[in-house]
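Below you'll find the structure, written out as structure tokens, and then a few comments.
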């Protein structure tokens with residue numbers, strides 16, 4: 001299972017953060033699980049958040065960047081792309097992945113990567129945090145984004161260039 005060996009993350013001090021959850025709309029059942037899990041995790045940590053929906057995974061980077069520039073402390077990007085019979089899967093996955101990494105690097109705002117890139121719907125459901133799922137990538141993406149903000153705060157003074165204060 002790919003979720004084995006996950007680290008215990010330090011989320012102390014995350015409750016004063018403002019987080020954008022940017023979520024695609026394709027594959028409704030899987031997305032409902034990812035979003036519900038991400039929101040429940042943020043609520044459980046008393047973290048202020050806003051859910052922003054986009055059409056698909058390809059649109060995640062542009063809206064994640066807008067959220068980062070708008071002053072959110074972190075962005076959690078959630079989506080799912082399921083392999084089909086054409087190269088479309090490869091192009092969308094690569095563009096979304098590269099775009100989200102660039103948002104984080106260019107803005108200094110952590111982006112939790114919750115984009116599922118699966119061969120079939122069963123793999124996506126197994127990772128969606130639904131009842132019976134073996135993994136919870138919505139929660140994991142939130143925790144990664146929050147832990148990264150906590151780490152950055154310990155390294156970079158608030159208000160410094162390249163880091164969201």
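Scoring 69-77, 122-130 by mean Cβ neighbours within 10 Å over their residues and listing the highest first yields 69-77, 122-130.
Projected label points at residue 18 and residue 98, each 7 Å from Cα along the beta carbon direction, are separated by 3.2 nanometres.
For the chain, the longest principal axis of the C-alpha atoms and the axis of helix 28-44 are separated by about 20°.
Net length available on complete extension from residue 53 to residue 106 is 16.9 nm, with 0.36 nm assigned per residue and the Cα-Cα distance removed. Per residue, the average separation of C-alpha pairs within less than 8 Å and at least 6 apart gives the chain a relative contact order of 28 percent.
So, R0 is 25 Å and r is the distance between the beta-carbons of residue 88 and residue 32; what FRET efficiency does that work out to, to 0.05? Given R0 = 25 Å and the Cβ-Cβ separation, E is 0.60. With a Förster radius of 30 Å applied to the C-beta separation of residue 45 and residue 120, the computed FRET efficiency comes to 0.40. Once the Cα atoms are used to define both axes, helix 137-155 deviates from the longest principal axis of the chain by about 20 degrees. Calculated FRET efficiency, residue 25 to residue 151, Cβ-Cβ distance, R0 = 41 Å: about 0.85 to the nearest 0.05. Helical content alone sets the calculated 222 nm signal of the chain at -14500 deg cm²/dmol, taking -39,500 (n - 2.57) per DSSP H segment of four or more residues and averaging over every residue.
With everything on Cα atoms, drop me the angle between helix 60-69 and the longest principal axis of the chain, reported from 0 to 90° to the nearest 10. For helix 60-69, the angle is close to 10 degrees.
Every read-out reported here was derived from the displayed coordinates using simple, explicitly stated rules and does not represent laboratory data. Keep in mind the model is a prediction, meaning the values are calculated, not measured. Methodologically, a virtual Cβ is constructed for each residue, glycine included, from the backbone with ideal geometry; neighbour enumeration extends over all protein chains shown.
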